[in-house]
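The values are calculated or read from the model by the stated rules, or taken from the named source; none is laboratory data. Note that the coordinates shown come from a computational prediction; the quantities given were computed from them, not determined experimentally. Here Cβ is always computed from backbone atoms with ideal geometry, including for glycine, and neighbour counts include all displayed protein chains. For the accessible areas, the whole protein counts, side chains as well, though only heavy atoms, and no ligand, DNA or RNA atoms are used. Shrake-Rupley method; radii C 1.70, N 1.55, O 1.52, S 1.80 Å.
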Amino acid sequence: NIEYAQADILRLESIGRTFDFIECIGVLHHLEDPVAGWRVLRSLLRPGGVMHIGLYSELARRDIAAAQELIVAQGYEATTEGIRQFRSDLQLVDRWRPFRSLTALEDFYDTSGCRDLLFHAKEHRFTLRRIKESLAELELDFLKFNVDSATQQRYSLQYPGELARADLNCWTQFEVENPSTFLAMYNFYVHSRA
């Protein structure tokens, strides 16, 4: 009983349907106005419904952002040839030495993945403070991050208790102390107030 459809997020309000669960991973941060897209999705969420959201982290992606700026400045094109030339130069040309840690990322070795990682035409990065402000505006409550068990254990040792799991102030401090925690992206669950 699954229906598949394709549409512009900003035009979804016209479908006349609501949902108990909405998942949007790695999409909103590529929109011109990510919160506008999130607002549309929020309008489709039933009271008490859950959203699974993925957004890029400003702190975790600071090296990626710096590399993106240099890619533009050096004139690499987002073509297969441009991406291949960039990957070659990154490993051989001295000016790229500070960014060689990018070679540890799986997406670096796949043309499509590398395009998304470093050559995307539009990318917004979020802080946890901005997420918290957006949640207040959208009348959504934070539930939890979807993180690996090792990260969850480290966090729980530092911030024990069930309430700390959903405390974005604690997570902000944890991210400052562990800046690569959300390198892939913030991956989290929120729910609408019943």
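Taking residue 28 and the conditions (1) in contact with a helix residue (DSSP H, G or I) (Cβ under 6 Å, 6 or more places away or on another chain); (2) more than 28 Å from residue 172 (Cβ to Cβ), which numbered condition does it fall short on, given that it satisfies the others?
(2)
Name every residue in segment 81-94 that is in contact with a helix residue (DSSP H, G or I) (Cβ under 8 Å, 6 or more places away or on another chain) and either open to solvent by 40 Å² or more (accessible area, probe 1.4 Å) or touching a residue at least 40 places away in the same chain (Cβ under 8 Å) (or both), in order of residue number.
Of all residues in segment 81-94, those in contact with a helix residue (DSSP H, G or I) (Cβ under 8 Å, 6 or more places away or on another chain) come to 83-84, 86-87, 89-91.
Within segment 81-94, 84, 91 meet the criteria.
Output the residues belonging to segment 108-123 that are in contact with a Lys or Arg (Cβ under 9 Å, 6 or more places away or on another chain) and either open to solvent by 70 Å² or more (accessible area, probe 1.4 Å) or closer than 17 Å to residue 30 by Cβ (or both).
Keep residues of segment 108-123 that are in contact with a Lys or Arg (Cβ under 9 Å, 6 or more places away or on another chain), which gives 108-109, 111, 114, 123.
Correct list: 109, 114, 123.
Can you work out which of the residues in segment 132-152 that are free of Cβ contacts under 8 Å to residues at least 12 places away in the same chain and of a type in the set (Asp, Glu) is surrounded by the most Cβ atoms within 10 Å (Cβ to Cβ)?
Among those that are free of Cβ contacts under 8 Å to residues at least 12 places away in the same chain and of a type in the set (Asp, Glu), it is 133.
Of everything in segment 1-14, what is among the aliphatic types (A, V, I, L, M) and open to solvent by less than 80 Å² (accessible area, probe 1.4 Å)? Give them in sequence order. So that I can check it myself, show each step before the final result.
Initial filter on segment 1-14 (among the aliphatic types (A, V, I, L, M)): 2, 5, 7, 9-10, 12.
Of everything in segment 1-14, those that are among the aliphatic types (A, V, I, L, M) and open to solvent by less than 80 Å² (accessible area, probe 1.4 Å) turn out to be 7, 9, 12.
Conditions tested, residue by residue: (1) open to solvent by less than 10 Å² (accessible area, probe 1.4 Å); (2) touching a strand residue (DSSP E or B) at 6+ places or on another chain (Cβ under 6 Å).
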{"site": "27", "(1), (2)": "no, no"}
{"site": "35", "(1), (2)": "no, no"}
{"site": "43", "(1), (2)": "no, no"}
{"site": "46", "(1), (2)": "no, yes"}
{"site": "52", "(1), (2)": "no, yes"}
{"site": "55", "(1), (2)": "yes, yes"}
{"site": "59", "(1), (2)": "no, no"}
{"site": "63", "(1), (2)": "no, no"}
{"site": "68", "(1), (2)": "no, no"}
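Sort through 177, 162 and tell me the only one that's open to solvent by 50 Å² or more (accessible area, probe 1.4 Å) and either in contact (Cβ under 8 Å) with a residue 40 or more places away in the chain or under 20 Å from residue 59 (Cβ atoms) (or both).
That would be 177, the only listed residue that is open to solvent by 50 Å² or more (accessible area, probe 1.4 Å) and either in contact (Cβ under 8 Å) with a residue 40 or more places away in the chain or under 20 Å from residue 59 (Cβ atoms) (or both).
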